[in-house]
There are 2 protein chains.
Amino acid sequence: MAVYTQVSDEALAAFLTEYDLGAALSFKGIAEGVENSNYYLETEKGRFILTLFEKRVSAEDLPYFVALKQHLAARGYPCPSPIAARDGKALRTLEGRPALIVSFVDGLSPRRPNVTQCRELGAGLARMHLALADFAMERANSLGPAAWPRLWTGREADADALQPGLAEAIAGDLAAIAAAKPAALNLPRGTIHADLFPDNAFFLGDTFSGAIDFYFACTDALAYDLAICLNAWAFEDGGRDSIDYNFSKGAALIAGYESVRPLEAAEREALPVLARGAALRFFLTRLVDWSSTPEGALVKPKNPLEYAGRLAFHRKVETAEGYGA
Amino acid sequence: MAVYTQVSDEALAAFLTEYDLGAALSFKGIAEGVENSNYYLETEKGRFILTLFEKRVSAEDLPYFVALKQHLAARGYPCPSPIAARDGKALRTLEGRPALIVSFVDGLSPRRPNVTQCRELGAGLARMHLALADFAMERANSLGPAAWPRLWTGREADADALQPGLAEAIAGDLAAIAAAKPAALNLPRGTIHADLFPDNAFFLGDTFSGAIDFYFACTDALAYDLAICLNAWAFEDGGRDSIDYNFSKGAALIAGYESVRPLEAAEREALPVLARGAALRFFLTRLVDWSSTPEGALVKPKNPLEYAGRLAFHRKVETAEGYGA
């Protein structure tokens, strides 16, 4: 939520001469996206978002992300569409950073998604999976189960400091998921968003109007994407550190998804372990950020306990019906 | 450059029902303005900026700032125009903060203003002074000479830590300005912007397209506003801690101002002491921010030495000709 790289008006004017977008009419840094610098850019041809990629996004991955959005946009899926310069290339350089102009997507991110929005989001996720069915490029999930032991090692004390007994519970989650061998479950795979949280989804009223921020997208089990969304959309802060699963929202999200792409039997069966794995992935990356952020820093990292609460719920769920599927 | 208060989509939707602006189509926090939370807001009726006023802006002053912008906008001066709700009131409450929707002003802030832009800015400042000539409300300059001894007391060691000998030089500036009694110089007074730095001015190409961020506006000598702009627009970082006055830019700024509102003889005569006072005001407030910001904070305060460098220049200037007037 910050602008890391400043762009001078002169550098922007020179940059825009490579495009057919006319001159800039407005240019404002926006608080969107955690990893990159994003600008609202208005030119004589319309409204756009200019992104400068900061170091946390790997430069080798950028062509994949650009091609993915081009693929979705070409199929009419509502997402930021990369704008090519006159030489046909969309991915360029500005102020020493990889830079990309994309189309502007209307809509607002819901802070507390309602049941209708969860249903819409589920359908929007499934439409994304179908639109990407013939997307040929692949990218490994760098935050999949293989990465979790490395994230976890040496953090046991940090976890117990957050909540006594948490380290043992997390070790149990890791063992349970390893035993379930989710990678060997032979689930339908494809291109997934892998980070479709409410702040990466736009709505006009209750209607899904687009998805943004594809910088965790990768090739993985499609149902894992649904499991991520269940974690991101269907839990609520119950106060006093309690995290509650909202059954109506979760059921609506799954029903929305299945209205476009029905789950296979193996996917339904795997849903609890996938949901537990998704919660573990976000718990672990949040724990790493939490432990490595100095006290008193202005940007407060997100609390890992929100995902410890989700994990506590997932441990008790045995079937997809437990999520309302 | 931050968003301090979050606005939920539900709170925004409820807020907008009080206006004739239709529903929100887009809503993004923007990195503009240091003191307040600002959002890009697009509705069915167009583009706007929504500002939530944080604690550093005094709530009693807000009606003055709103009336000032209404006055300017009514005279066709390019600035954010307050949008009234259906009950006729523009200043409202959102998420527990005073809130204001204003019209969107096209243009870009120059990072390194050129000579043409300096001339345009001078003319734009003078047009603002003329448009405000019949603005009846008054507000004392809370950062005028009377406030400086309070800002300075106890900071001598901080100043010398920045640059050996600086404390003595600053004490000399305070004494020289007090001796000149700028308040008693009987200069034409009126409503001034008092903070028209390049990031508060918009241009389309080299044409001035508007001024924003009137939250230091007050009643003071008109020529003091020009002196502030000379400090903000006509100096350049010469490297190795040297700050150079760009005579061409300064002369253009003054000429642009005088093309709309010629300076009176007393104003020309006072220009050196006004410029020195303006530099001292920004040096002192930056020194306070510098001393009171903990080391390692993410938001780095601006370096007071940039204004110590300006003060060193102003000490040697004896007449307005020294600035190119």
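The values are calculated or read from the model by the stated rules, or taken from the named source; none is laboratory data. Every value quoted in this text rests on a predicted model; they were computed, and no experiment measured them. Here the Cβ is made from the backbone with ideal geometry for all residues, glycine too, and neighbour counts use every protein chain on show.
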Task: Top-ranked residue in the range B:68-80 [being assigned to a helix (DSSP H, G or I) and within 17 Å of the chain's Cα centre (by Cα); ranked as farthest from B:PHE202 (Cα to Cα)] - done: B:LEU68
- [ ] Of the numbered conditions (1) of a type outside the set (Val, Ile, Thr); (2) in contact with a helix residue (DSSP H, G or I) (Cβ under 6 Å, 6 or more places away or on another chain); (3) buried (at least 21 other Cβ atoms within 10 Å of the Cβ), B:ASP220 fails exactly one; give the number of that condition.
- [x] (2)
Open item on the list: Looking at (1) more than 22 Å from B:ASP9 (Cβ to Cβ); (2) at pLDDT below 95, which one does A:ALA133 not meet, given that it meets all the others?
Closed with: (2)
Task: Tally of residues being of a type outside the set (A, V, I, L, M) and out of contact with any strand residue (DSSP E or B) (no Cβ under 9 Å at 6 or more places or on another chain) across the range A:65-95 - done: 6
Open item on the list: For a quick check of your reading: which helices (runs of 4 or more DSSP H) sit entirely within the range B:192-293 and have at least 3 residues that are within 19 Å of B:VAL57 (Cβ to Cβ)?
Closed with: B:265-292
- [ ] For the range B:84-92, indicate whether the set of residues that are at negative phi, in a strand (DSSP E or B) and in contact (Cβ under 8 Å) with a residue 24 or more places away in the chain is non-empty.
- [x] yes
Open item on the list: Please pick out the residue among A:CYS79, A:CYS118 that is touching a helix residue (DSSP H, G or I) at 6+ places or on another chain (Cβ under 7 Å), crowded, with 17+ Cβ neighbours inside 10 Å, within 15 Å of A:GLY210 (Cβ to Cβ) and of a type outside the set (Ser, Thr, Tyr).
Closed with: A:CYS79
Task: Candidates B:ALA252, B:ALA221 - the one that is touching a Cys at 6+ places or on another chain (Cβ under 7 Å), hydrophobic (A, V, I, L, M, F, W, C) and away from chain A (no Cβ under 14 Å) - done: B:ALA252
Task: Qualifying residue in the range B:178-192 (condition: in contact with a helix residue (DSSP H, G or I) (Cβ under 7 Å, 6 or more places away or on another chain) and closer than 18 Å to B:TYR307 by Cβ) - done: yes
Task: Residue check, B:ILE83 out of contact with any Asp or Glu (no Cβ under 7 Å at 6 or more places or on another chain) and either among the charged types (D, E, K, R) or within 14 Å of chain A (Cβ to nearest Cβ) (or both) - done: no
Task: Condition met for B:ASN141 (within 21 Å of the chain's Cα centre (by Cα) and under 26 Å from A:GLU10 (Cα atoms)) - done: no
Open item on the list: Take residues that are touching a residue at least 40 places away in the same chain (Cβ under 8 Å), out of contact with any His (no Cβ under 7 Å at 6 or more places or on another chain) and over 27 Å from B:ALA325 (Cβ atoms) and tell me which of the helices (runs of 4 or more DSSP H) falling wholly in the range B:94-166 contain 2 or more.
Closed with: B:148-152, B:156-162
TODO: Can you work out which of the residues in the range A:1-30 that are assigned to a loop (DSSP other than H, G, I, E, B) and without any contact (Cβ under 8 Å) to a residue 60 or more places away in the chain is farthest from the other protein chains (Cβ to nearest Cβ)?
DONE: A:THR17
- [ ] State whether one or more residues within the range A:54-63 are surrounded by 21 or more Cβ atoms within 10 Å (Cβ to Cβ) and either within 14 Å of chain B (Cβ to nearest Cβ) or within 28 Å of B:LEU41 (Cα to Cα) (or both).
- [x] no
